[in-house]
Amino acid sequence: MKRIQVMPLGPVPPDQLAELCSGLGREFRVETEILPAEADPAFAFNLTRQQYHSTEILASLLRKATPASRHLLGVTPVDLYIPVLTFVFGEAQLQGNCALVSTHRLRQEFYGLPADAKLFRERLLKEAIHEVGHTLSLSHCDNYECVMSASHGVEWIDLKGWHFCAECRAVIDERGRAKAVI
Ligand code: ZN
Ligand code: ZN
């Protein structure tokens, strides 16, 4: 992976995108780029659930067919689900190059609490790094402080950091080296 492209799907404030990009660039040590915004992913809306099918949106990102060296991260304000779960914070193509993250349930306001911009930005960065981590073949990590630990609620996100543990970092570095010699 040489570059992460961030594509807003629906309205996402530019300052949030810029901060997200700089965090992603720092953690993955790659260049980042913000792509022009696309419309709300209305095609994935489920009328019964009043949510958006995450896998359908991910499939639409895959059709944009970016080269393997560029990873594409969709960022959307809509609420995502997959059929077996009430909701998902995001979804990624394991060992692929596309990932998706939702900001919907990362805001304190969603839980009836006062807004906390700093906490929101931290949660978004953690979930974005987590989903892009999946595209680099990382699965869930047992270290609860590692960004690759599974999060089934915002409490879990708040517990973990936005860094990879030494083991997960080693996998990323290994992949980087493997790419470099091919
Ligand atoms: Zn995950
Ligand atoms: Zn880890």
Single condition ASP116 does not satisfy, out of (1) open to solvent by 30 Å² or more (accessible area, probe 1.4 Å); (2) within 12 Å of ligand 1 (Cβ to nearest atom)
(2)
Residue pairs within 6 Å by beta carbon, gap of at least six or interchain, first lying in region 154-167 and within 13 Å of ligand 2 (Cβ to nearest atom), second part of a helix (DSSP H, G or I), listed first then second, are TRP162/LEU125; TRP162/LYS126; TRP162/ILE129
Looking at region 41-60, can you tell me whether even one residue there is among the β-branched types (Val, Ile, Thr), touching a residue at least 24 places away in the same chain (Cβ under 8 Å) and in contact with a Cys (Cβ under 8 Å, 6 or more places away or on another chain)?
no
Can you say whether ARG105 is over 17 Å from TRP162 (Cβ atoms), open to solvent by less than 70 Å² (accessible area, probe 1.4 Å), part of a helix (DSSP H, G or I) and more than 12 Å from ligand 1 (Cβ to nearest atom), as far as the supplied structure shows?
yes
Got at least one residue in region 140-152 being modelled with pLDDT under 95, surrounded by 18 or more Cβ atoms within 10 Å (Cβ to Cβ) and among the small types (Gly, Ala, Ser)?
yes
Identify, please: which residue in region 1-22 is part of a helix (DSSP H, G or I) and in contact with a strand residue (DSSP E or B) (Cβ under 9 Å, 6 or more places away or on another chain) and is, among those, farthest from THR135 (Cα to Cα)?
PRO14
Counting only residues that are within 30 Å of PRO83 (Cβ to Cβ) and among the acidic types (Asp, Glu), region 12-47 contains a total of 2
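The values are calculated or read from the model by the stated rules, or taken from the named source; none is laboratory data. Everything numeric in this text was worked out from a predicted model, so none of it was measured. Every residue, glycine as well, gets a Cβ built from its backbone with ideal geometry; the counts of neighbours run over all protein chains shown. Calculation scope for accessible area: heavy atoms of the full protein, side chains included, ligands and nucleic acids excluded. Shrake-Rupley method; radii C 1.70, N 1.55, O 1.52, S 1.80 Å.
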